[in-house]
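Notes follow the structure.
The values are calculated or read from the model by the stated rules, or taken from the named source; none is laboratory data. These numbers come from a predicted model, not from an experiment. Don't worry about glycine lacking a Cβ; one is built from the backbone with ideal geometry, like all the others, and counts go over all protein chains shown.
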Amino acid sequence: MKVDVQSLGTFNQLAHEGAKQATQSMSQMTGIDATVDVTKISLVDRADIGEELGDDTFVGVQFGFEGALGGETVLVFDEISSEKIVEALPGATADPEMAQSSVKEIGNIMMSGFIDGWADYLETAIEHTPPEYIERTGANVLPKAPDASGSDQVFVFRSEVNWLGESVCFYIYMLPEYESLVTLMENHADAGDGAIPVEKLEVFNQMTRKGSEKAAENVEMMTGIQTESEVSQISFCPIEDVPKQIGNDTYVGTVVEFTGTPSGFLLVLFDEASAVTIAEALMPMDPSGDGLTQEHEAAIEELGNIMTSGFVDGWANVLQQSVDHTPPRLVHDMGRAIVDPLAAQLGQHQQHAFIIDSQMKTDEVEFTSEIHALPNEAELREALDKLQVERADQTEANAEEIF
Amino acid sequence: MKVYDGSSQSENARDTDPERAKVGIAEYEVTTNGAVLTTSGLGSCIGVALHDVNTGVSGLVHVMLPTADEMDDDNAAKFADAGTDLLIEEMERAGASRRHIEAKIAGGSDMLDFSGSGSGIGVRNVEKVRETLDSYDIPIVAEDVGGDHGRSLRLESQTGDLVVKSADQSDTRL
């Protein structure tokens with residue numbers, strides 16, 4: 001299967017429009033003014049789907065759909081959001097059963113809007129099953145990803161909807177069946193230069209996994225804190241949506257520009273609490289002040305450097321070429337403001353962007369780190385083009401065998 | 001884009017609270033009823049806030065790149081020149097007059113400019129916004145641009161005040 005950048009762009013737009021339609025339906029019923037913040041398409045390891053949901057409890061309204069496109073979709077609210085939405089409905093009630101049926105009803109209306117949006121665009125019929133109400137923890141709220149003909153990686157469409165003036169949001173996930181998505185994408189693709197074989201994107205994910213494993217090893221070596229890398233995914237969205245992929249909280253970390261094919265930017269970011277924890281693990285003595293001091297920042301800079309080298313080495317090993325990068329620049333700012341100048345620099349030459357994400361966690365102490373790579377899109381395609389996927393029939397793609 | 005004229009006011013909102021609207025990157029909003037327009041996480045991007053002192057019609061656009069020239073992109077709000085043009089046009093459609101519009105701008109930071117040429121996107125964004133506003137004879141009455149930090153904005157369109165927030169310092173009211 002090949003996907004081209006244009007059809008990824010079209011499908012992203014489509015998912016975004018669908019989510020907007022769903023949100024409008026909800027706004028009409030509840031008076032809640034909400035907007036669709038981000039829509040992205042990700043190619044992600046089956047086991048990592050929904051990792052971002054953590055261990056919180058969620059309420060979901062789930063559907064199956066079939067027709068020109070088949071699969072599963074779910075509307076996910078955290079508990080607070082679902083309560084607020086129920087409260088906003090006419091005839092609000094404290095009765096839990098009634099509340100549950102209200103959520104189901106609103107889910108039904110929203111998701112019908114979502115699926116109808118797709119069907120309209122594709123000029124075809126998509127049927128959906130009656131909604132199912134579920135309450136589960138973390139990723140369990142999501143349906144099992146449909147079979148992907150032996151592949152461990154699946155496409156996930158995810159929209160984040162934010163409620164204006166409230167700190168609540170909810171998500172729409174769609175997990176299409178691989179085959180029907182492939183067929184649709186091929187039918188809507190312009191089989192021109194931009195086409196990328198999906199297997200190669202999958203390999204790229206593995207490269208990222210390797211890179212982040214190496215980065216995690218380096219963290220462990222320096223701090224003695226056992227660190228695991230989690231979630232490697234490659235996502236695709238319009239360039240102006242790139243900054244929105246990062247939270248709006250304040251982050252501390254480093255940014256480098258890397259050169260070669262592809263060139264681009266690599267960010268290593270810590271939330272402030274994690275930055276303090278991890279920096280103190282590196283410092284020989286107690287810091288001289290409270291909070292995030294200059295000593296902390298210096299430690300983060302060093303750590304960012306080590307993680308960047310690890311990550312880039314992981315890539316270089318797989319690509320069998322060296323990847324050079326600039327010295328790291330320390331950043332300590334609003335997440336989106338950090339990413340915005342990088343997206344703008346890429347945006348001078350491209351309308352959409354691939355974002356490569358991975359995350360690191362540890363059970364020992366409170367510490368999360370995100371690594372994001374923003375490659376030049378045309379150069380990424382070129383790099384993928386050079387990859388030789390010789391054994392397309394193998395189920396377990398192995399980066400070293402493939403390259 | 002939607003024009004906030006009060007017709008979609010939520011039943012649950014208290015009457016005294018002005019409506020709020022969030023402006024994303026490469027998006028704009030116009031309000032005729034004193035809504036609060038916000039945008040967040042400006043790095044090299046710029047928020048152009050316009051306010052008609054006579055009618056109160058206000059608008060905010062969050063632009064990302066200097067110029068739409070030579071770009072095959074139909075989203076005008078993404079660009080400093082085309083986005084500013086578009087905002088003025090839409091405000092006039094909503095009853096504003098360019099003779100009474102005042103501008104406040106913020107953003108255009110030079111953080112993370114790897115070009116090394118000293119004229120990064122932030123600087124060029126600021127130049128393009130100035131140039132475009134100048135071509136309409138719209139004065140910039142206040143600004144908070146450049147530097148190496150991010151900003152978030154809140155345009156209080158009842159007064160035309162633009163509140164600029166950065167990660168490390170308190171609010172500045174322009």
Identify the residue in region A:239-264 that is within 8 Å of chain B (Cβ to nearest Cβ) and part of a strand (DSSP E or B) and, among all such residues, is surrounded by the fewest Cβ atoms within 10 Å (Cβ to Cβ).
A:Thr250
Checked pairs for region A:289-315, first surrounded by fewer than 19 Cβ atoms within 10 Å (Cβ to Cβ), second basic (Lys, Arg) and not in a loop (DSSP other than H, G, I, E, B), C-beta under 7 Å and 6 or more apart or across chains, list as A:Asp313/A:Lys214
Any idea which of (1) away from chain A (no Cβ under 14 Å); (2) more than 20 Å from B:Gly146 (Cα to Cα); (3) touching an Asp or Glu at 6+ places or on another chain (Cβ under 8 Å) is the one B:Leu50 doesn't satisfy?
(2)
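For (1) within 14 Å of chain B (Cβ to nearest Cβ); (2) farther than 26 Å from A:Phe236 by Cα, each residue gets a yes or a no:
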residue: A:Thr23; (1), (2): yes, no
residue: A:Ile32; (1), (2): yes, yes
residue: A:Val36; (1), (2): yes, no
residue: A:Arg46; (1), (2): no, no
residue: A:Thr57; (1), (2): no, yes
residue: A:Leu69; (1), (2): no, no
residue: A:Leu75; (1), (2): no, no
residue: A:Ser82; (1), (2): no, yes
residue: A:Val86; (1), (2): yes, yes
State which residue is surrounded by the fewest Cβ atoms within 10 Å (Cβ to Cβ) when the search covers only region A:316-337 and only residues that are of a type in the set (S, T, N, Q) and over 21 Å from A:Arg381 (Cβ atoms).
A:Thr326
Test of understanding: among B:Asp144, B:Asp113, which residue is assigned to a loop (DSSP other than H, G, I, E, B), within 14 Å of chain A (Cβ to nearest Cβ) and out of contact with any Asp or Glu (no Cβ under 7 Å at 6 or more places or on another chain)?
B:Asp113
Which is within 22 Å of A:Leu384 (Cα to Cα) and at pLDDT below 85, of A:Phe265, A:Phe236?
A:Phe236
Exactly one condition in (1) within 13 Å of chain A (Cβ to nearest Cβ); (2) free of Cβ contacts under 8 Å to residues at least 60 places away in the same chain; (3) more than 18 Å from B:Ala82 (Cβ to Cβ) is false for B:Ser170; which is it?
(1)
Just to confirm my filter: which strands (runs of 3 or more DSSP E) fall fully inside region B:24-100 and include at least 3 residues that are surrounded by fewer than 24 Cβ atoms within 10 Å (Cβ to Cβ)?
B:36-42
Can you tell me which residue within region A:327-377, out of those that are among the polar types (S, T, N, Q) and away from chain B (no Cβ under 11 Å), is farthest from A:Thr293 (Cα to Cα)?
A:Asn376
Looking for whichever is assigned by TED's automatic domain parsing to the domain that holds A:Met221 and under 30 Å from B:Val63 (Cβ atoms) here; the options are A:Gly335, A:Gly310, A:Gly314. Which one fits?
A:Gly335
Of (1) in contact with a helix residue (DSSP H, G or I) (Cβ under 6 Å, 6 or more places away or on another chain); (2) surrounded by 19 or more Cβ atoms within 10 Å (Cβ to Cβ), A:Ala19 fails just (1)
Breaking point among (1) farther than 20 Å from B:Ala35 by Cα; (2) in contact with a strand residue (DSSP E or B) (Cβ under 6 Å, 6 or more places away or on another chain), for B:Tyr136:
(2)
A:Met110 versus (1) more than 25 Å from the chain's Cα centre (by Cα); (2) surrounded by 22 or more Cβ atoms within 10 Å (Cβ to Cβ): which is the lone unmet condition?
(1)
For region A:51-64, does any single residue satisfy the condition of being at pLDDT below 85 and within 20 Å of A:Met185 (Cβ to Cβ)?
no
On the given criteria, is B:Asp85 away from every other protein chain (no Cβ under 14 Å) and closer than 16 Å to A:Ala344 by Cβ?
no
Can you say whether A:Gly224 is touching a helix residue (DSSP H, G or I) at 6+ places or on another chain (Cβ under 8 Å) and in contact (Cβ under 8 Å) with a residue 12 or more places away in the chain, as far as the supplied structure shows?
yes
If you check A:Gly91 against the conditions, is it outside the structural domain of A:Asp363 (by TED's automatic domain parsing), surrounded by 20 or more Cβ atoms within 10 Å (Cβ to Cβ) and at positive phi?
no
Within region B:101-110, restricting to residues that are part of a loop (DSSP other than H, G, I, E, B) and either at positive phi or hydroxyl-bearing (Ser, Thr, Tyr) (or both), the one that is nearest to the other protein chains (Cβ to nearest Cβ) is B:Ser109
B:Ser157 - would you say it is within 12 Å of the chain's Cα centre (by Cα), crowded, with 16+ Cβ neighbours inside 10 Å, within 13 Å of chain A (Cβ to nearest Cβ) and modelled with pLDDT of 90 or more?
no
